[in-house]
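Visitor: Sharing a structure below in structure tokens format, with a few things to ask.
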Amino acid sequence: MSEKNDSAGLQTHKAAERRNFLKQAGMVAGAAAGAGAGAFWLHDPTGEDGKPKPKILRLPEGGFAVEKPSTAADLGVARGNRVPAMLQGAVDAIGGIGAFINPGDVVLIKPNVAFERVAQLGATSNPEIVSALIKLVRDAGAKEVRVADNPIEAPENCFMRSGVRDAAVDAGARLYLPRPSDFEILNVPGAKWIEQWPFFAAPFRGVNKVIGVAPVKDHNLCRASMTTKNWYGLLGGRRNQFHQDIHGIIADLCLMMRPSFVVLDGTRVMFRSGPTGGSLSDVKMTHTIVASRDMLAADSFGWHELLGRQDEALPDYFAQAVARKLGNPDYKSLNVREVQIG
Amino acid sequence: MSEVIVRPDWLKPNKDNSPWYARVFRITNIRVVCQFVFFALFAFLLWATWFSRLGGYPVSMFLEVDPLVGFATALSTGTVYRWLWRGMFVLVPTLLFGRVFCNWMCPYGTLHQFIGWIFNIRSNKDRLNSNRYRAGFQLKYYILTVFLILAAFGSLQIGLLDPICLLVRTFTVAFAPALDFWAISGNTVIANAGLDVDLGWISSAPGSPEQRVFGGAWLVGAMIIGLVGMNLVIPRFFCRTLCPLGSFLGLLSRFAIWRIDRDVTKCTDCDLCLKGCEGAADPQSALRKSECFVCFNCIDDCPEDALSFKMAPLPVRDQIVGNIKKGAATLFGDQVISKDPETEMKAPDIPKRRWVFAGIGGFLAFPFLRMSKSVNERGFNEKAIRPPGSVAEPEFLERCIKCDQCINVCPTNVLQPSTLDEGGLEGLWTPVMDFAVGFCQYNCTLCSEVCPTGAIQKTSLPKKLGMDEFAEQGPVRVGTAFFNRGRCLPWSMETPCVVCEEVCPVTPKAIGTYDVEVERWDGAKVTLNRPYMRPELCIGCGICEHECPVLDDAAVYVTTIGESRSLDRQLLLKSPKKEGA
């Protein structure tokens, strides 16, 4: 009796043991199969798949340039003292803002805010022009106006002290200061040096018109920094290598960015100690605003008429950009329309 | 039938029929709200310590109301700088009520209490035992003794452990870059998802083009994790054992007029008052006034209503002539046996010989630290470059509390907490500049604005730049830049460069060039602008070093020589009346 009971108990016990074993063995097999499948799925025999793959950005074909109406001049030059009217006059000369901005456009304005200097020192774009330009663009029906630059010195300080921050915000533009997450690798086909380079991409998302606003400055290495050199502020990464071939780099910048138009801020020029300056004695007032589709024409005008270097040959980057058919620095052969304001 | 009024629980009277508001507005609840407000204010002020957020807030206020900062700098300098008189705001309540600061205002105390509360897994009995006084809690008085003696000699070390300095430093060096990191990571995810949201408000450094980094952040981070984690072992470990501000206030609280009082006729010796005692102040026997944080938990927890907060009664020995401690006193000539025990211990319970030992430690610590050839005038690190406006090194060490507010506000990340390398132990966590990380922003004087102790003296922009009435005195120089021609591209590699000259912010530029045309090895002709330094013009801002393309060991670099704050560390022979600029 008890023996029979014992054997029945043993049977039950063994069955339980068997179930337990099968359950555990099943789990082991399942875990092993899962791990194996995972390893197979993630398998990277050369180690290449594990490396980061940067997103490559391309700007639209033909850049942000717009058609030129037949009546428009190539270079609009306004002289005077009232900045909004001068800007209006210069832009009207090259076809009027309506030729560039359509209602609903998202417009990026790129001033030069590279250094932490007050506007009077001429190291940065005149905030009055930035402000007037934003209003002009908004009145033309732009949906959104953005202002962006990647300065050399601390960005918040540069935007604040130059006055560009207040000018932009008060005029209703959105300000873009560079954040670490804002950069993507830009592909510039045909560039000599910056075919792949970190680019301040965030402000460009959804943009369809780009306007550069640059001061006229002496530069220690490339001789003059104007609308072409201004695009330097859209790049990130190891910009301090650019001096090793600054002219080649500026020619690359012309290739990289085809703006809708540029404004050369010749209200004052920094004629020496550039590009930082720092003394009013480095600056002279020239009371001029130039608008142009052709950056080289504008900069050449700046070199000869504003920096007053009539007798000196243009810096080498002009020739390199011309060789790539990126503009015409011989502005005297172009249709220049000058207006005098007030 | 009478109408039944249904009330929510919190509106019902207590068991003893006291009204609902007596429960809701309990003093311990009010204390919690007060702690929350002060903590939030503290966090806000740290968050606001940034160029675009400053807006006139008194961002260093907590450091200024820290009476230990005021007292110790008064010892070391003989003066009370700028806003440090605000220490009175804490001193006066301490003299009236005891260490209220510790459990009502101190953000670090609040952090400890909160962590201890939220991770508490102790049974009531364990909690009771964990709040008994331990002899080890004396340590903070010895720490304070050593710090104050060091301060009197001119080496301010309170900042190593002062809770406000420690917390500000931890935020700046460890927590703020973590916030930035989360904001940057979040922004990347958001951008990849094609959304237009900015997490910059989380970041402690919005508008900063790069993730900020701080030397030795791991150590500062490990310290706070360790110290806060100790609450799981011993509640309020830091406050009870290490805090020099707590011990300073503990010594002062002997004068407090009000204190926790135990009615011995009601007390049943159940020890339940220990359950929530934050300070381990022995409310169940003779109250240790120097340890009590005045948290009022004991009053809350007492089932017999034996505890109250009131004006301390006259000491027993003044009521009865004689020595009560020994149990024998005389009353009108007759010897009586008193059952009234001493109800309080005014001063910390520390044997005199141990004070003496700690004192000797302080006396020895000063020469040990100062003669270590790190911040010594005869042996200093050439890279220990102090922010502009700093006083000369010996005076700097009298003033700097290592709070690192200057480092927090620095827009370019150039200011770094010194590691043992630059400042030795004495200068640990004091601000030094690392031009590999950033550069001194030309028009910026924020570090001098936020410094609570004048280690960096409040410096106006004209004064920093040597303009207007400061023209004769010249600009503030923090060091001088030198060229290492062997690594300089135009000097040794036939490659054009001069980024250094481009970015030099002074006018006329402190970097000039010798322009030569050379034929390169491959036959190409290149124009090289070979830079040289004009030391009379260099202010040591270091932007040349920061922007030099020879990244790892820059071809132009700044060292401390020529810094205006030191009469000794001058390079050029010049009359102090006549500057080259």
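Visitor: State whether the residues of segment A:178-195 include one that is of a type in the set (Phe, Trp, Tyr), surrounded by 23 or more Cβ atoms within 10 Å (Cβ to Cβ), in the same structural domain as A:Glu305 (by TED's automatic domain parsing) and in contact with a Pro (Cβ under 7 Å, 6 or more places away or on another chain).
Guide: Within segment A:178-195, not a single residue is of a type in the set (Phe, Trp, Tyr), surrounded by 23 or more Cβ atoms within 10 Å (Cβ to Cβ), in the same structural domain as A:Glu305 (by TED's automatic domain parsing) and in contact with a Pro (Cβ under 7 Å, 6 or more places away or on another chain).
Visitor: While we're here: So which residues in segment A:177-235 are of a type in the set (Phe, Trp, Tyr), in contact with an Asp or Glu (Cβ under 7 Å, 6 or more places away or on another chain) and within 24 Å of B:Gly200 (Cα to Cα), if there are any at all?
Guide: A:Phe199, A:Phe200 - these are the residues of segment A:177-235 that are of a type in the set (Phe, Trp, Tyr), in contact with an Asp or Glu (Cβ under 7 Å, 6 or more places away or on another chain) and within 24 Å of B:Gly200 (Cα to Cα).
Visitor: If you scan segment B:547-574, which residues turn out to be touching a Ser or Thr at 6+ places or on another chain (Cβ under 8 Å) and within 14 Å of another protein chain (Cβ to nearest Cβ)?
Guide: none
Visitor: Just for segment B:272-326: of the residues that are at pLDDT 95 or above and among the aromatic types (Phe, Trp, Tyr), which one is surrounded by the most Cβ atoms within 10 Å (Cβ to Cβ)?
Guide: Ranking the candidates gives B:Phe293 first.
Visitor: Here's another thing I want to ask about it. Here are some residues: A:Pro151, A:Pro198, A:Pro180. Which one is within 10 Å of chain B (Cβ to nearest Cβ) and at pLDDT 95 or above?
Guide: Just one listed residue meets the conditions, A:Pro151.
Visitor: Count, please, the residues in segment A:219-249 that happen to be buried (at least 22 other Cβ atoms within 10 Å of the Cβ) and among the charged types (D, E, K, R).
Guide: 1
Visitor: Here is a list: B:Ile225, B:Ile234, B:Ile257. Which entry is touching a strand residue (DSSP E or B) at 6+ places or on another chain (Cβ under 8 Å) and surrounded by fewer than 18 Cβ atoms within 10 Å (Cβ to Cβ)?
Guide: B:Ile257
Visitor: In addition: Where in segment B:467-543 are there strands (runs of 3 or more DSSP E), lying wholly inside it, with at least 3 residues that are of a type outside the set (Gly, Ala, Ser), closer than 20 Å to A:Cys222 by Cβ and away from every other protein chain (no Cβ under 13 Å)?
Guide: Those strands (runs of 3 or more DSSP E) span B:511-519.
Visitor: Let me ask another. Report whether or not A:Gly9 is assigned by TED's automatic domain parsing to the domain that holds A:Leu326 and either part of a loop (DSSP other than H, G, I, E, B) or surrounded by fewer than 15 Cβ atoms within 10 Å (Cβ to Cβ) (or both).
Guide: So A:Gly9 does not fit the description; no.
Visitor: Scan segment B:513-536 for residues that are touching a residue at least 40 places away in the same chain (Cβ under 8 Å) and in contact with a Ser or Thr (Cβ under 9 Å, 6 or more places away or on another chain) and jot them down.
Guide: Listed by number, the residues that qualify are B:Arg530, B:Pro531, B:Tyr532, B:Met533, B:Pro535.
Visitor: Restricting to segment A:245-271, give me the number of residues that are within 9 Å of chain B (Cβ to nearest Cβ) and either touching a helix residue (DSSP H, G or I) at 6+ places or on another chain (Cβ under 7 Å) or closer than 16 Å to A:Val188 by Cα (or both). Show your work before the answer.
Guide: Of segment A:245-271, the ones within 9 Å of chain B (Cβ to nearest Cβ) are A:245-246.
Those left that are additionally either touching a helix residue (DSSP H, G or I) at 6+ places or on another chain (Cβ under 7 Å) or closer than 16 Å to A:Val188 by Cα (or both): none.
So the count comes out to 0.
Visitor: Let me ask another. Can you work out which of the residues in segment B:448-463 that are more than 13 Å from every other protein chain (Cβ to nearest Cβ) and outside any loop (DSSP other than H, G, I, E, B) is farthest from the chain's Cα centre (by Cα)?
Guide: B:Pro462
Visitor: While we're on this one: Restricting to segment B:412-445, and then to whatever is in a helix (DSSP H, G or I) and buried (at least 23 other Cβ atoms within 10 Å of the Cβ), can you tell me which residue is farthest from the other protein chains (Cβ to nearest Cβ)?
Guide: Among those that are in a helix (DSSP H, G or I) and buried (at least 23 other Cβ atoms within 10 Å of the Cβ), it is B:Gly423.
Visitor: Does B:Arg386 count as out of contact with any strand residue (DSSP E or B) (no Cβ under 8 Å at 6 or more places or on another chain) and among the basic types (Lys, Arg)?
Guide: Considered against the rule, which asks whether it is out of contact with any strand residue (DSSP E or B) (no Cβ under 8 Å at 6 or more places or on another chain) and among the basic types (Lys, Arg), B:Arg386 comes out as no.
Visitor: If we keep just the residues of segment B:260-271 that are in a loop (DSSP other than H, G, I, E, B) and not β-branched (Val, Ile, Thr), which is surrounded by the fewest Cβ atoms within 10 Å (Cβ to Cβ)?
Guide: Among them, the one singled out is B:Asp269.
Visitor: Yes or no: segment B:563-580 includes at least one residue that is in contact with a Cys (Cβ under 6 Å, 6 or more places away or on another chain) and touching a residue at least 40 places away in the same chain (Cβ under 8 Å).
Guide: no
Every residue, every condition in (1) part of a loop (DSSP other than H, G, I, E, B); (2) under 19 Å from B:Leu428 (Cβ atoms), yes or no:
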| position | (1), (2) |
| --- | --- |
| B:Asn129 | no, no |
| B:Gly136 | no, no |
| B:Thr145 | no, no |
| B:Ile149 | no, yes |
| B:Ser155 | yes, yes |
| B:Phe181 | no, no |
| B:Gly186 | no, no |
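Visitor: List the pairs whose first member sits in segment A:275-288 and is of a type in the set (D, E, K, R), whose second member is in a strand (DSSP E or B), and whose Cβ atoms are under 7 Å apart, counting only residues at least 6 apart or on separate chains?
Guide: Once the first residue is of a type in the set (D, E, K, R) and sits in segment A:275-288, its partners that are in a strand (DSSP E or B) give A:Asp282/A:Met270; A:Lys284/A:Arg268; A:Lys284/A:Val269.
Visitor: Which number in (1) modelled with pLDDT of 95 or more; (2) out of contact with any Gly (no Cβ under 6 Å at 6 or more places or on another chain); (3) assigned to a helix (DSSP H, G or I); (4) farther than 14 Å from B:Cys165 by Cβ marks the one condition that B:Leu68 misses?
Guide: (4)
Visitor: Right, another one. Within 24 Å of B:Phe171 (Cα to Cα) and of a type in the set (S, T, N, Q), is that true of B:Ser76? Write out each step before concluding.
Guide: Working: within 24 Å of B:Phe171 (Cα to Cα): no; of a type in the set (S, T, N, Q): yes.
Here the answer is no, as B:Ser76 does not meet what is asked.
Visitor: Now, a different point. Can you confirm whether A:Arg79 is closer than 30 Å to A:Asp282 by Cα, part of a strand (DSSP E or B), in the same structural domain as A:Glu195 (by TED's automatic domain parsing) and not hydroxyl-bearing (Ser, Thr, Tyr)?
Guide: So A:Arg79 passes the test.
Visitor: If you don't mind, another one. When you go through B:Cys243, B:Cys273 one by one, which is the residue that is touching a Pro at 6+ places or on another chain (Cβ under 6 Å) and in the same structural domain as B:Leu148 (by TED's automatic domain parsing)?
Guide: B:Cys243
Rundown of residues vs (1) touching an Asp or Glu at 6+ places or on another chain (Cβ under 7 Å); (2) surrounded by 10 or more Cβ atoms within 10 Å (Cβ to Cβ); (3) in a loop (DSSP other than H, G, I, E, B); (4) within 14 Å of another protein chain (Cβ to nearest Cβ), yes/no style:
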{"residue": "A:Trp41", "(1), (2), (3), (4)": "no, no, no, no"}
{"residue": "A:Asp44", "(1), (2), (3), (4)": "no, no, yes, no"}
{"residue": "A:Gly47", "(1), (2), (3), (4)": "no, no, yes, no"}
{"residue": "A:Gly63", "(1), (2), (3), (4)": "no, yes, yes, no"}
{"residue": "A:Val66", "(1), (2), (3), (4)": "no, yes, yes, no"}
{"residue": "A:Ala90", "(1), (2), (3), (4)": "no, yes, no, no"}
{"residue": "A:Glu116", "(1), (2), (3), (4)": "yes, yes, yes, yes"}
{"residue": "A:Gln120", "(1), (2), (3), (4)": "no, yes, no, yes"}
{"residue": "A:Thr124", "(1), (2), (3), (4)": "no, yes, yes, yes"}
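Visitor: Residues to consider are A:Met295, A:Met285, A:Met270; find the one that is surrounded by fewer than 22 Cβ atoms within 10 Å (Cβ to Cβ) and on the phi < 0 side of the Ramachandran plot.
Guide: A:Met285
Visitor: Name the pairs whose Cβ atoms lie under 6 Å apart, with the first residue in segment B:69-91 and over 20 Å from B:Cys106 (Cβ atoms) and outside the structural domain of B:Leu245 (by TED's automatic domain parsing), the second outside any helix (DSSP H, G or I) and among the hydrophobic types (A, V, I, L, M, F, W, C), and 6 or more positions between them or separate chains?
Guide: none
Visitor: Additional query: Can you find, within segment B:202-211, the residue that is surrounded by the fewest Cβ atoms within 10 Å (Cβ to Cβ) among those that are of a type outside the set (S, T, N, Q) and facing chain A (nearest Cβ under 10 Å)?
Guide: To start, the set of residues in segment B:202-211 that are of a type outside the set (S, T, N, Q) comprises B:202, B:205-207, B:209-210.
Filter once more, keeping what is facing chain A (nearest Cβ under 10 Å): B:205-207, B:209-210.
On the way: B:Ala205: 25, B:Pro206: 20, B:Gly207: 21, B:Pro209: 21, B:Glu210: 16.
Once the filter is applied, the top-ranked residue is B:Glu210.
The values are calculated or read from the model by the stated rules, or taken from the named source; none is laboratory data. Small disclaimer: the values here were computed from a predicted structure and weren't measured. Neighbour counts run over all protein chains shown; Cβ positions are idealised from the backbone, glycine included.
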